[in-house]
Structures are given as structure tokens and as C-alpha cells.
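See structure below.
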Amino acid sequence: MTLIDLRSDTVTLPTPAMREAMANAPVGDDVYGEDPTVNALQEEAAAMLGKEAGLFVTSGTQGNLTAVLAHCARGDEMILAKKSHIFQYEVASAAAYGGVQPNTLDLNPDGTMSLDEIRRAIRGNNAHYPVTRLIALENTQGGAWGAPLSADYIRQVSAIAKEHNLKLHIDGARLFNASAALGTPVNQLAEHADSVTFCLSKGLSAPVGSVLVGSKEFIARAHKIRKSFGGGMRQAGVIAAAGLIALREMSGWDRLREDHDNARILAEGIAALPYIEIDLSRVRTNMIFFSLTPDAPISIEALSAGMKAHGVLANPSSVLDRQMRMVTHYWFKRDSIPVVLDVMRAVLTGVPLTETVVK
Ligand SMILES: *Cc1c(COP(=O)(O)O)cnc(C)c1O
């Protein structure tokens, strides 16, 4: 049985072009700055995002942690969404290793934090208060169904940051998805941020890695912090080579819009199934969230297990009861959509799979 994997876009495997580039990559010792493939990746990523310099990191988590620690001192505070990846899913690393206190705000359904709430969260000059140092945005915002944040919104947040002498970091794990969805070049989404991370290993299909970009001076500080976390990777050109293919061949709007179109078509099919609650207007990029109605005959866990028995992988949401998330990606092809829908229908209703779909 071939699996259809909708758990995340992290499950993407390297493409044949990536495997070939990895095998043939010129390499050197990156801790000495001598790996030509890592250097090329860092330079190209920085140029694409309109920043002075880039740093290849092992993961999005390492990139975000490195950025937060390069911006903040112990006891400083950062403002971010309560439903952000940094706050929810990075093992409290900024607090644990950087002593940075999160000040979390709610999200609007469109993925934004209210500008007024951001203003109010910035600490005044008072002996009791920590120093607010950083605002962190997430684009696309996974806590809001993968909503893309517009360049205009980011500019407004950055204006607040500048007014109060704060830094702005963007966790752009899926920045290229935001760019494709909005029709806004990535450099315009990065323009007003002091630092941006993006993942090579999600929708762009590389096996490993993220890139952190910012000013030369910022990246020099980040370089030391990355080293302290064991992120000095020697002949890392072997994996950076796949990252270069990801940037050059997998980040285009047409490529990523296929994933977004597939998410929409799949979501529309799911909306037509029984016992499903879904708001189609919130399917904006490659993520789908839906819930089971209270009268559904099975739990979301049973739906997930039943689908898995038929080779379709999707996980119940970790935050909301009765909710499931699906993420489309390069290795999820359009002809899998009818299979997923038929499997879901069969598991939800107990009526066996239609013959055309059973293989
Ligand atoms: C995946 C992701 C990250 C980083 O995840 P890693 O698994 O550490 O690469 C960071 N932010 C967001 C929004 C993500 O989706």
C-alpha cells in the first residue's frame, strides 16, 4: 500500500535533482567558512530575501532560537502570538537557554495580532518591568490555519517596533507559501524585519535545514550562538546542496500554488462529507483544518486510525478537540484527492470503499 501522507509538509522527501546535487556538492569545512555550497546557499538566500547575510541552520527551531538570542539578553521580553510555533512547539528554548520571557497575545482569524494589543504589550519605563526587546511574527501563521501575513501588516508592525526601538523577527517557516498565496515577492515580506528564518525542509522539499537572514552584524552574532548550540556542521555542503535546489527549483509561485490549489480542492471535497465542520474561507495556503460535528458517530482519533488503516495519514490537532489538520505538499499529488475523500467517507459512514478507489 502506498501511503498518502498529509500529516505535514515536513514529510517531503528530497527530489532526484536534490539527491544528485548532494552527491556532487563541492564541500569544505564550514566552521572555517570554507564550504562553497553552504556559502552559496547563504548568499542566495540572503539575496532573495533582500538581506545582507544568511546563516544555514539545522532546523527552524535552531534558527528561531538563534535569532531570539541574538536580539535579546536574559530577562528581556518578546511579544509573540500565543499560538505561535516559537511559544508552543520549541520546547521553551528561548526561556530555557536565553532567559527570554514571552509576552503572548491572541491571534485574529486572519493570523494577525491586533496592532493596539501589540502597542499595549510594550513595557514602559518602570523598575518593575522587564525590557521589551523583540516582536516575533509567523508567516504563514500555522496557529491561524496557515494564513499569510501581508507586507502591509508587517510594515505596520515594524513601524511600531521602530518607534519603540524594538527588533522584529519573522518566523517564516512557510514564507514562500505566504509569498505564493499573496502574490508578493519574498523580499517584500522580509523587507521590514530585522531577521527572518525560513525552512528548506517543508514545502520546498529539502531533507534538512533552514536559513536565518539579517544584517551582516546580526548574522555575525548569530554565527557564534549557532556554534554554541552545536550547529557548526563542517562539510554541511552535502545538505546545503539540496537546499540550493529547494531555493532555485522548488520555491516558485507556480510550484507552491499547486499545493495551495490541492488544499482547496481537497477542502471542498471534505466539506461535502457528512459530520464535517469546515470554514473554507480559511483555507488560504497548504493547510486544512476541520472538525467533526458533535453528532459524528466516531471520534477524531478513530477517524485518524481508520484512515491510517487505508494508507492515509493525518493527525488530530494537538490543540483542539475533534479537529484534524492536513497539509498538502510536493509529494501529495492531485490524483490522491479522490482516494482521501473516499477513505474518509468510508471511515465516517461505515460504507465500504468504492471499487474504483480500492487498489
Ligand atoms: C516547522 C516550523 C518551525 C521549525 O520547525 P523545525 O522542525 O525545527 O524545523 C518553525 N516555525 C514554524 C511556524 C513551523 O511550522
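A few remarks follow.
- Matching option when the condition is free of Cβ contacts under 8 Å to residues at least 40 places away in the same chain and under 30 Å from GLY33 (Cβ atoms), among ALA67, ALA94, ALA136: ALA94
Listed here are the residues, each with its yes/no results for (1) within 16 Å of the ligand (Cβ to nearest atom); (2) over 19 Å from LEU256 (Cα atoms); (3) surrounded by fewer than 22 Cβ atoms within 10 Å (Cβ to Cβ).
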{"residue": "HIS128", "(1), (2), (3)": "no, yes, yes"}
{"residue": "LEU137", "(1), (2), (3)": "yes, yes, no"}
{"residue": "THR140", "(1), (2), (3)": "yes, no, no"}
{"residue": "ARG155", "(1), (2), (3)": "no, yes, yes"}
{"residue": "ILE160", "(1), (2), (3)": "no, yes, yes"}
{"residue": "HIS169", "(1), (2), (3)": "yes, yes, no"}
{"residue": "THR184", "(1), (2), (3)": "no, no, yes"}
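- Matching option when the condition is out of contact with any Cys (no Cβ under 7 Å at 6 or more places or on another chain), among the hydrophobic types (A, V, I, L, M, F, W, C) and assigned to a strand (DSSP E or B), among LEU149, LEU137: LEU137
- Selection within region 1-41: residues that are within 16 Å of the ligand (Cβ to nearest atom) and open to solvent by 70 Å² or more (accessible area, probe 1.4 Å). The member of this set that is nearest to the chain's Cα centre (by Cα) is THR10.
The values are calculated or read from the model by the stated rules, or taken from the named source; none is laboratory data. Because the structure is a prediction, the values reported are computed rather than measured. Counting neighbours? That spans all protein chains shown, and the Cβs are built from the backbone with ideal geometry, glycine included. Side chains are part of the model used for accessible areas, which takes the heavy atoms of the whole protein and leaves out ligands, DNA and RNA. Shrake-Rupley method; radii C 1.70, N 1.55, O 1.52, S 1.80 Å.
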